[in-house]
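As structure tokens, the structure follows; a few thoughts come after it.
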Amino acid sequence: MNNSATQLEWVPKASAIAREAGERLREFLAQGVATEYKGDVDLVTVADRTVEKLIRTRLAESFPDHGMYGEEGTRERLDQQYRWYVDPLDGTTNFAHGIPHFCVSMGLEHRTPGLAADQDGQLVAGVIYNPMLDELFTAERGQGASLNGRPIHVSRVPDLAESLVATGFPSRKRHDSPNIHFYQEFTLRSHGVRRAGSAALDLAYVACGRFEAFWEFHLNPWDTAAGVLLLQESGGRVTDFSSGPFQLNSREVLASNGLIHEELTRLFEDLFAGRNLTPIPSPREFAARRALKQLASEE
């Protein structure tokens, strides 16, 4: 696959928009940010809204016949064949606390005439930009995926036990999320689990081989559209937890390098059925195990 910019239809202009948006985020972070709440603990900053307005303006200039569906409320020209799903600041909680791990995410969907409202079109372009590391992840359908212009591919790790995986938790209503139970089981069965705070970057990291897998509940199209295409174009696989087709409005996202996908879905099947769960040791059992390990190390 050839990734030369001359063959890419949407990525060059979208990349320029993402870089401009990222520069504004860097400026906001340097100045300090004002925050407010959308829900219980669901943060939104002045930066979110300002940068979404910037992206909306630039997309209208560059792609006047495209629609936009943005996290902070933009709903424009959604009857058009092309629709951008935009998260101007994925990782708002990190950003609000001064943690330099967040991104701009822009994914383009092509919706053919007559497509039902509850049906997905085809993802055809994706851009994810991490302004703090100056890392630009890009993909177009059939053209492969790139990081700063160089082709990327998923990892070749074949087993969950050797895999570094990632997940996330909702900003609000965490008590309703079952993910803490899955987090424990994956931690015990993998090389490690990371919870970095940006679903879009987690997907990009699977695409470039830094993670072997990512799962999360209750994501939105602006969280996943760009990252899913990156993953598909880099040789990975994305489904729901039972290996069913991924959908943009899906409440389940399971992304992997493909090699460990069946192992992951079998684990999810067991977890949902309550089979083969690892019991948490009591404090007394934990102390006994620690004493045995100490004794063995002294022999």
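Computed values, structure above
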{"item": "Net charge, Leu259 excluded, C-beta distance under 13 Å - Lys, Arg +1, Asp, Glu -1", "result": "-3"}
{"item": "37 °C / 0.692 mPa s Stokes-Einstein diffusion coefficient of the range 164-299, Kirkwood radius on C-alpha pairs, µm²/s", "result": "204 µm²/s"}
{"item": "Vicinal HN-Hα couplings computed from phi for the range 206-213 (Karplus, 6.51 cos²θ - 1.76 cosθ + 1.60; Hz; Gly/Pro x)", "result": "5, 4, 9, x, 6, 10, 8, 7"}
{"item": "Taking all pairs of distinct alpha-carbon atoms in the chain, Kirkwood radius in angstrom", "result": "20.1 Å"}
{"item": "Trypsin sites (Lys or Arg not before Pro) lying in DSSP loop within the range 238-288, provided at most 16 other Cβ fall within 10 Å", "result": "Arg251, Arg275"}
{"item": "Mean Cα-pair separation over length for the chain, i.e. relative contact order, pairs under 8 Å, 6 or more apart, %", "result": "16 percent"}
{"item": "Highest average packing first - 220-229, 124-133, Cβ atoms within 10 Å", "result": "220-229, 124-133"}
{"item": "The range 91-215 - accessible surface per residue (Å², probe 1.4 Å)", "result": "42 Å²"}
{"item": "Residue order for Glu109, Glu27 - accessible surface, 1.4 angstrom probe, largest first", "result": "Glu27, Glu109"}
{"item": "Using θ = phi - 60° and Karplus 6.51 cos²θ - 1.76 cosθ + 1.60, couplings along the range 89-101 (whole Hz; Gly, Pro as x)", "result": "8, 8, x, 4, 5, 4, 4, 5, 9, x, 8, x, 9"}
{"item": "Cleavage-rule hits, trypsin sites (Lys or Arg not before Pro), the range 151-250, DSSP coil, Cβ neighbours within 10 Å at most 11", "result": "Arg156"}
{"item": "Carbon/sulfur fraction of accessible area - the range 82-228, other protein chains in place, 1.4 Å, %", "result": "50 percent"}
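The values are calculated or read from the model by the stated rules, or taken from the named source; none is laboratory data. Predicted model, so just to flag it, every value in this text is computed and none were measured. For neighbour counting, all protein chains shown are included, and Cβ atoms are generated from backbone atoms with ideal geometry for every residue, glycine included. Side chains are part of the model used for accessible areas, which takes the heavy atoms of the whole protein and leaves out ligands, DNA and RNA. Shrake-Rupley method; radii C 1.70, N 1.55, O 1.52, S 1.80 Å.
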